[in-house]
Amino acid sequence: MSLRDGLLAASLICVLASCASTSTPAPTASAGTAVAPCAADPDWNQPTQPRRIHGNTWYVGTCGLSAVLITSEQGHVLVDGATEKAAPQIEANIRTLGFDPREVRYLLNSHEHNDHAGGLAYLQRVTGATVVARRPAIAALETGKGDRSDPQFLSVSPFPPVTAVRAIGDGETLSLGPIVLTAHATPGHTPGGTSWSWRACDGAGECRAIAYADSLTPFTDDVYRYSDETAHPGVLAAFRRSIETVAALPCDILVTPHPNASNLLARLDAAPGAPQGTSTDCRAYAATGAGKLEDRLAKERASAP
């Protein structure tokens, strides 16, 4: 039995024996002891145990920030790096599952903010992987800071930069052995916002379409206005297209950069056999984003000179 299978088997025995609540985490490689259950409104960096999402796809992030590992015999892909502080926890969760971080070949990103890109530089060092992103995100990833095209430019912190980012276009695929991921341009929250989709199959041949849908929340600093077409031409229309894109993603299982935005960890920790999601989850997530955008535009209109 492999280390990964042994750990997962031990965790399953614990659950079946009711040795703790279903939210009780398994040991992590970094601590060697159980970590605390996730808080209802968790700190970004609060540790949690890794979980299988489906087949070769695993949750390796924190309580507050998602990171997803997709594995194969030819190497692995990691989506998002959380914060600089959380990156070693992601590395430890990968090791806990029995995988070697040095076999991660690609690091992907949802968007170029410190809470999802801050750990990429550390993970690039320990894995040797290539960072892949859409062109609008590359300058920020390689300098550690965006520019005025980012709605939160004045309010977000810089992060450690990565090197030699490989560009991928909207609708293009990234392949590694049996892994095939599609990049979907979903700007709005940031210029380089990207959602990712792929299929994961388990040992019984049951396959699921997984959508890693980027944030659709229209946060801004005190200066930026989505409705200012003169200062930001085309941005509002692009944001609305992003919402439509997310609504149309193949989506048996929805994953979001902040797991609480899609109730992800509760779904993964549900009783065996419980559904991990429905095909309507992406549409519901997009509808929520659309409502928030309209609320934001209404506030901008109300505060206009």
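The values are calculated or read from the model by the stated rules, or taken from the named source; none is laboratory data. As the structure is a computational prediction, the values presented were derived from the model and not from experiment. We place every Cβ from the backbone using ideal geometry, glycine too, and count neighbours over all the protein chains shown. Heavy atoms of the whole protein, side chains included, go into the accessibility calculation; ligands, DNA and RNA do not. Shrake-Rupley method; radii C 1.70, N 1.55, O 1.52, S 1.80 Å.
Going by alpha carbons, how many degrees (0 to 90, nearest 10) lie between the helix axis of 3-16 and the longest principal axis of the chain?
For helix 3-16, the angle is close to 90 degrees.
Which order do peptides 60-69, 90-99 fall in by mean Cβ count within 10 Å, highest first?
60-69, 90-99
Arrange the peptides 262-275, 125-138, 76-89, 214-227 so that the one whose residues have, on average, the most other Cβ atoms within 10 Å appears first. Intermediate values should be presented prior to the final figure.
Values: 262-275: 14.4, 125-138: 19.9, 76-89: 24.0, 214-227: 18.2.
Ranking, from highest mean packing down: 76-89, 125-138, 214-227, 262-275.
Step through the residues of region 267-277 one at a time and calculate ³J(HN,Hα) from phi using the Karplus curve (6.51 cos²θ - 1.76 cosθ + 1.60, θ = phi - 60°), rounding each to whole Hz and writing x for Gly and Pro.
5, 6, 8, 5, 4, x, x, 5, x, 8, x
Assuming R0 = 45 Å, can you tell me the calculated FRET efficiency for the pair Ser175 and Ala39, based on Cβ-Cβ distance, to the nearest 0.05?
On the way: r = 38 Å, r/R0 = 0.85.
With R0 = 45 Å, the Cβ-Cβ based efficiency is 0.75.
Among 160-171, 238-249, 108-119, 177-188, how do they line up by average Cβ neighbours within 10 Å per residue, starting with the highest? Kindly include the intermediate steps, with their values, before the conclusion.
On the way: 160-171: 15.1, 238-249: 19.0, 108-119: 26.8, 177-188: 20.7.
So the peptides 160-171, 238-249, 108-119, 177-188, ranked by packing, come out 108-119, 177-188, 238-249, 160-171.
Suppose every Lys and Arg Cβ carries +1 and every Asp and Glu Cβ carries -1, with no other charges. What dipole size does the chain come out with about its Cα centre, to the nearest 20 debye?
Numbers: 24 positive and 30 negative charges, 42 e Å.
Roughly 200 debye, rounded to the nearest 20.
When the accessible area of the chain is split by element with a 1.4 Å probe, what percent falls to carbon and sulfur? Numbers along the way, then the final one.
Numbers: 7190 of 13230 Å².
The nonpolar share, carbon plus sulfur, comes to 54 percent.
Given a Förster radius of 25 Å and the C-beta distance between Thr217 and Ser303 as r, what FRET efficiency does 1/(1 + (r/R0)^6) yield to the nearest 0.05?
Numbers: r = 19 Å, r/R0 = 0.75.
E between Thr217 and Ser303, to the nearest 0.05, is 0.85.
Can you give me the accessible area per residue for region 224-305, using a 1.4 Å probe, in Å²? List each step's numbers first, then the result.
On the way: 4170 Å² over 82 residues.
For region 224-305, the per-residue accessible area is 51 Å².
Counting only the backbone N, which residues of region 33-64 are under 17 Å from the spot 7 Å out from the Cα of Glu206 toward its beta-carbon?
Residues 52-58 qualify, since their backbone N sits under 17 Å from the label point.
Given (1) 214; (2) 137; (3) 124, which label gives volume of the Cα convex hull per residue in Å³ as computed from the coordinates?
(3)
How much net charge surrounds Ile70 when only other residues with a Cβ under 11 Å from its Cβ are counted (Lys, Arg +1; Asp, Glu -1)?
Taking every Cβ under 11 Å from that of Ile70, the sum is +2.
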